[in-house]
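Asks: Handing you this structure, nothing more for now.
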Amino acid sequence: MRRRFSDAIVALAGDPTLAFLTGDLGYMALEPVRNALGIRFLNAGVAEQNMISVAAGLARAGLRPWAYSIAPFLYARPFEQVRNDVCLHRLPVRLVGNGGGYGYGVMGATHHALEDYGALLTLDAMTVLVPAFGADVAPAVTRAHVLSGPSYLRLGLAEEPSGSEVPPFAPWRRVVAGDGPVVLACGPIAGTLLAPLQAFEKARRPRLWVVSELPVTTLPLDFLDDLRAADHLIVAEEHVAHGGVGQAVALALAKAGATPSRVAHRHAVGYPSGRYGSQKWHRAECGLDVTSLLALFDEREAMPSTDDSQ
Amino acid sequence: MTGLGDMNAMRRRLLHMHRAAGVGHLGGNLGCLDILAALFGQAMCESDQFVLSKGHAAGALYVTLWAHGRLSDDDLATFHRDGTRLAGHPPASGIPEILFATGSLGHGPGLASGLALGWRLQGVQGHAFCLTSDGEWNEGSCWEALAFAVHHRLGNLTIVVDANGLQGFGATREVMNLEPLAAKFRAFGANVTEIDGHDPVALEAALTVAGREGRGAESPGVPGAPRVIVARTIKGKGVSFMEGRMEWHYLPLTDDLLAQALAELDETERTR
């Protein structure tokens with residue numbers, strides 16, 4: 001998604017108010033942005049706290065700043081700057097975190113972003129955009145660019161098979177139709193689920209929904225209709241349970257009086273074995289791999305209100 | 001320059017306001033009042049902006065804005081009370097002259113750098129002034145911002161350091177000694193001036209020279225470098241029993257002490 005992100009920023013470079021800050025990252029990805037923006041591209045150095053304060057100042061001065069880094073260095077290191085300088089003033093600073101979830105794999109825990117949107121969504125006026133597919137990146141960038149308040153764009157790797165046809169970027173989308181359980185995914189994991197879910201015969205085929213804009217406020221009527229018919233919800237996200245999509249959706253369902261009788265939540269659980277591996281390996285350790293998720297559809301596994309928060 | 005009578009009017013207003021609210025932070029407010037008076041009274045133009053990084057001096061800023069007709073007596077009467085805009089630290093909205101909620105130290109230099117850079121990128125004139133404390137430079141983010149401002153040649157930025165030598169729980173030299181501050185700022189590549197932060201002539205001169213850059217005129221020193229003014233101040237300036245005493249970071253005034261402080265201010269005007 002980094003290359004697509006870079007292309008999307010370049011496409012907006014004609015807007016003279018666009019300014020781009022990076023925390024000394026983006027080698028082999030952001031060079032086109034640097035070339036397109038000239039003096040409006042600034043390498044703020046390895047100083048993320050200052051980068052966010054500067055971005056807030058730029059926004060106050062009338063610019064539309066973006067700030068880029070590896071995700072944890074953008075939301076965790078300078079959290080107070082995001083909270084005080086950006087969000088207290090609802091300034092339109094666009095944070096871009098690369099490597100959502102376990103995206104940096106065996107690079108290790110310091111580089112993972114397992115609580116990014118949960119933490120950021122506690123802040124006033126924050127909008128989180130999580131592209132699921134490669135084609136989502138450009139519209140997500142455009143969406144962030146026109147928002148009048150702060151936003152966070154969580155980038156990962158596009159995982160859908162090449163040539164996949166998916167509905168255009170939207171806060172909520174049904175990307176696979178069927179008569180089976182409702183699977184709600186957040187992020188590129190939806191791309192990995194696409195082909196295995198499509199392979200089901202229609203009667204058992206899970207209905208795959210993707211949420212790409214947070215916070216969860218109201219639930220789409222089509223989603224509620226699907227859920228009413230299926231009476232079975234599985235939420236999959238590469239984020240810790242606390243502050244994640246699962247919790248937010250559960251509350252929204254409870255408020256709507258629409259909680260299904262069977263709910264499962266698969267999410268990041270950190271480092272249960274204390275060992276590290278690829279993104280795929282970490283997902284498997286959390287039960288977020290395709291095999292583990294498919295097992296949830298099995299009638300014997302799908303006990304009422306399955307608790308997957310081990 | 002702001003005359004002694006006007007300065008004392010601000011000091012009296014500050015003391016009354018803090019007494020009415022029953023809150024402390026008086027020492028650091030009194031100590032930077034001369035700096036704020038010179039900034040708002042002489043140095044700053046319409047196109048300039050100010051960031052109070054030492055947010056605990058909000059009272060001094062409110063009183064300065066009051067002295068310039070930007071806040072009313074009714075506004076000041078709400079200080080620290082339920083439903084006020086005038087919180088103990090600057091608010092995030094509602095007062096046009098206050099761009100940023102501050103209070104957690106170490107944010108102002110980066111915020112002011114962003115303003116200065118934003119204006120330059122847009123070809124807009126203006127000078128960003130930022131007031132920090134000296135203890136605040138314990139925060140690494142201040143040094144991040146200074147390095148950034150020097151590297152990006154933000155000559156339209158001036159950071160004033162209210163160097164009163166005292167911080168939260170001790171003297172700055174004893175807590176985490178950063179002296180010689182001016183030499184450190186020079187080593188970072190800033191244009192540095194060290195002055196008596198209570199000398200109105202020196203303040204006006206240093207701040208006015210600094211503010212020229214960003215308005216099309218040149219200032220002496222390294223071209224394009226941001227400026228740091230180390231203003232040596234006395235915490236609690238103007239009230240003898242507060243001067244140089246750390247406890248007046250915290251203590252609220254009593255009626256007796258307020259009367260004593262006001263009498264001292266009267267005396268300075270009689271004997272000048």
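The values are calculated or read from the model by the stated rules, or taken from the named source; none is laboratory data. What you see is a predicted model, and the numbers here were worked out from it, not measured in a lab. Ideal geometry is used to build each Cβ from the backbone, glycine not excepted, and the neighbour counts take in all protein chains shown.
Asks: Among the residues of the range A:67-77, is there at least one that is in the same structural domain as A:Ser148 (by TED's automatic domain parsing), within 18 Å of B:Gly114 (Cβ to Cβ) and surrounded by fewer than 22 Cβ atoms within 10 Å (Cβ to Cβ)?
Replies: Within the range A:67-77, the subset in the same structural domain as A:Ser148 (by TED's automatic domain parsing) is A:67-77.
Now restrict to residues that are within 18 Å of B:Gly114 (Cβ to Cβ): A:67-69, A:74, A:77.
Filter again for surrounded by fewer than 22 Cβ atoms within 10 Å (Cβ to Cβ), leaving A:77.
Yes, the range A:67-77 contains a residue that is in the same structural domain as A:Ser148 (by TED's automatic domain parsing), within 18 Å of B:Gly114 (Cβ to Cβ) and surrounded by fewer than 22 Cβ atoms within 10 Å (Cβ to Cβ).
Asks: Modelled with pLDDT under 95 and under 25 Å from A:Glu159 (Cα atoms): does that describe A:Asp307? Step through it out loud before you land on a result.
Replies: Values: modelled with pLDDT under 95: yes; under 25 Å from A:Glu159 (Cα atoms): no.
No.
Asks: Taking the options A:His242, A:His232, name whichever one is crowded, with 21+ Cβ neighbours inside 10 Å and of a type outside the set (A, V, I, L, M, F, W, C). Lay out the reasoning, then the answer.
Replies: Numbers: A:His242 fails: crowded, with 21+ Cβ neighbours inside 10 Å.
When all the criteria are applied, what remains is A:His232.
Asks: Moving to a separate point now. In this structure, is A:Ala125 in contact (Cβ under 8 Å) with a residue 40 or more places away in the chain and either in a strand (DSSP E or B) or more than 22 Å from B:His151 (Cβ to Cβ) (or both)? Working first, answer last.
Replies: Working: in contact (Cβ under 8 Å) with a residue 40 or more places away in the chain: no; either in a strand (DSSP E or B) or more than 22 Å from B:His151 (Cβ to Cβ) (or both): yes.
Taking the combined requirement at face value, the residue does not satisfy it.
For (1) at pLDDT below 95; (2) outside the structural domain of A:Ala229 (by TED's automatic domain parsing); (3) not in a helix (DSSP H, G or I), each residue gets a yes or a no:
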| residue | (1), (2), (3) |
| --- | --- |
| A:Gly97 | no, yes, yes |
| A:Gly103 | no, yes, yes |
| A:Gly118 | no, yes, no |
| A:Val137 | no, yes, no |
| A:Arg143 | no, yes, no |
| A:Glu165 | yes, yes, yes |
| A:Gly180 | no, no, yes |
| A:Val183 | no, no, yes |
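Asks: From B:Arg85, B:Arg11, B:Arg70, grab the single residue that is in contact (Cβ under 8 Å) with a residue 12 or more places away in the chain and surrounded by fewer than 17 Cβ atoms within 10 Å (Cβ to Cβ). Working first, answer last.
Replies: Working: B:Arg85 fails: in contact (Cβ under 8 Å) with a residue 12 or more places away in the chain; B:Arg11 fails: surrounded by fewer than 17 Cβ atoms within 10 Å (Cβ to Cβ).
Step by step, each of B:Arg85, B:Arg11, B:Arg70 is checked, and only B:Arg70 is in contact (Cβ under 8 Å) with a residue 12 or more places away in the chain and surrounded by fewer than 17 Cβ atoms within 10 Å (Cβ to Cβ).
Asks: Answer yes if at least one residue in the range B:109-128 is farther than 27 Å from A:Phe41 by Cβ and modelled with pLDDT of 95 or more, and no otherwise.
Replies: First pass over the range B:109-128, keeping only residues farther than 27 Å from A:Phe41 by Cβ: none.
No, every residue in the range B:109-128 fails to be farther than 27 Å from A:Phe41 by Cβ and modelled with pLDDT of 95 or more.
Asks: In the range A:244-267, is there at least one residue being in contact with a Gly (Cβ under 7 Å, 6 or more places away or on another chain), assigned to a strand (DSSP E or B), of a type in the set (Val, Ile, Thr) and assigned by TED's automatic domain parsing to the domain that holds A:Leu208? Don't jump to the end; show me each part of the working.
Replies: Residues of the range A:244-267 in contact with a Gly (Cβ under 7 Å, 6 or more places away or on another chain): A:244, A:265-267.
With assigned to a strand (DSSP E or B) added as a condition, the list becomes A:265-267.
If we keep only those that are of a type in the set (Val, Ile, Thr) too, we end up with none.
No; the residues of the range A:244-267 include none that is in contact with a Gly (Cβ under 7 Å, 6 or more places away or on another chain), assigned to a strand (DSSP E or B), of a type in the set (Val, Ile, Thr) and assigned by TED's automatic domain parsing to the domain that holds A:Leu208.
Asks: Anything in the range B:123-138 that is within 17 Å of the chain's Cα centre (by Cα) and within 9 Å of another protein chain (Cβ to nearest Cβ)? List them, or say none.
Replies: Result: B:Ala128, single match.
Asks: Would you point out the residue of the range A:254-275, among those that are among the charged types (D, E, K, R) and touching a Ser or Thr at 6+ places or on another chain (Cβ under 8 Å), that is farthest from A:Gly118 (Cα to Cα)? Lay out the reasoning, then the answer.
Replies: Within the range A:254-275, the subset among the charged types (D, E, K, R) is A:255, A:262, A:266, A:275.
Keeping just the survivors that are touching a Ser or Thr at 6+ places or on another chain (Cβ under 8 Å) gives A:262, A:266.
Numbers: A:Arg262: 24, A:Arg266: 15 Å.
Per the criteria, the residue is A:Arg262.
Asks: For the condition without any contact (Cβ under 8 Å) to a residue 12 or more places away in the chain and closer than 25 Å to B:Gly41 by Cα, what is the one hit in B:Ala217, B:Ala206?
Replies: Numbers: B:Ala206 fails: without any contact (Cβ under 8 Å) to a residue 12 or more places away in the chain.
When all the criteria are applied, what remains is B:Ala217.
Asks: Related question: Would you mention how many residues in the range A:45-66 are facing chain B (nearest Cβ under 7 Å) and either assigned to a helix (DSSP H, G or I) or surrounded by 22 or more Cβ atoms within 10 Å (Cβ to Cβ) (or both)?
Replies: 12
Asks: Going by the conditions given, is A:Leu227 crowded, with 21+ Cβ neighbours inside 10 Å and either among the aromatic types (Phe, Trp, Tyr) or at pLDDT 95 or above (or both)? Can you show your working first?
Replies: Working: crowded, with 21+ Cβ neighbours inside 10 Å: yes; either among the aromatic types (Phe, Trp, Tyr) or at pLDDT 95 or above (or both): yes.
Criteria met by A:Leu227.
Asks: Within the range B:190-229, can you find the residues that are assigned to a loop (DSSP other than H, G, I, E, B), within 16 Å of B:Val160 (Cα to Cα) and of a type in the set (A, V, I, L, M)?
Replies: Across the range B:190-229, the qualifying residues are B:Ala190, B:Ala225.
Asks: Go through A:Leu42, A:Leu37 for me and flag whichever is assigned to a helix (DSSP H, G or I), modelled with pLDDT of 95 or more, within 14 Å of chain B (Cβ to nearest Cβ) and closer than 21 Å to A:Leu18 by Cα. Outline the logic, then answer.
Replies: Numbers: A:Leu42 fails: assigned to a helix (DSSP H, G or I).
Residue meeting the stated conditions: A:Leu37.
Per-residue answers, yes or no, for (1) within 14 Å of another protein chain (Cβ to nearest Cβ); (2) under 19 Å from A:Arg266 (Cα atoms); (3) modelled with pLDDT under 95; (4) surrounded by 19 or more Cβ atoms within 10 Å (Cβ to Cβ):
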position: A:Val86; (1), (2), (3), (4): yes, no, no, yes
position: A:Leu91; (1), (2), (3), (4): yes, no, no, yes
position: A:Met107; (1), (2), (3), (4): no, no, no, no
position: A:Val128; (1), (2), (3), (4): no, no, no, yes
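Asks: Which members of the range B:203-218 meet the condition of being among the small types (Gly, Ala, Ser) and surrounded by 19 or more Cβ atoms within 10 Å (Cβ to Cβ)? Show your work before the answer.
Replies: Going residue by residue through the range B:203-218, those that are among the small types (Gly, Ala, Ser) are B:205-206, B:210-211, B:214, B:216-217.
Listed by number, the residues that qualify are B:Ala206, B:Ala210, B:Gly211, B:Gly214.
Asks: Shifting gears a bit: Quick one: how many residues across the range B:144-158 are over 18 Å from the mean Cα position of the chain (by Cα) and either facing chain A (nearest Cβ under 8 Å) or basic (Lys, Arg) (or both)?
Replies: Here is the first cut: in the range B:144-158, the ones over 18 Å from the mean Cα position of the chain (by Cα) are B:144, B:147-155.
Applying the additional criterion that residues be either facing chain A (nearest Cβ under 8 Å) or basic (Lys, Arg) (or both) yields B:144, B:147-148, B:151-153.
Final tally of qualifying residues: 6.
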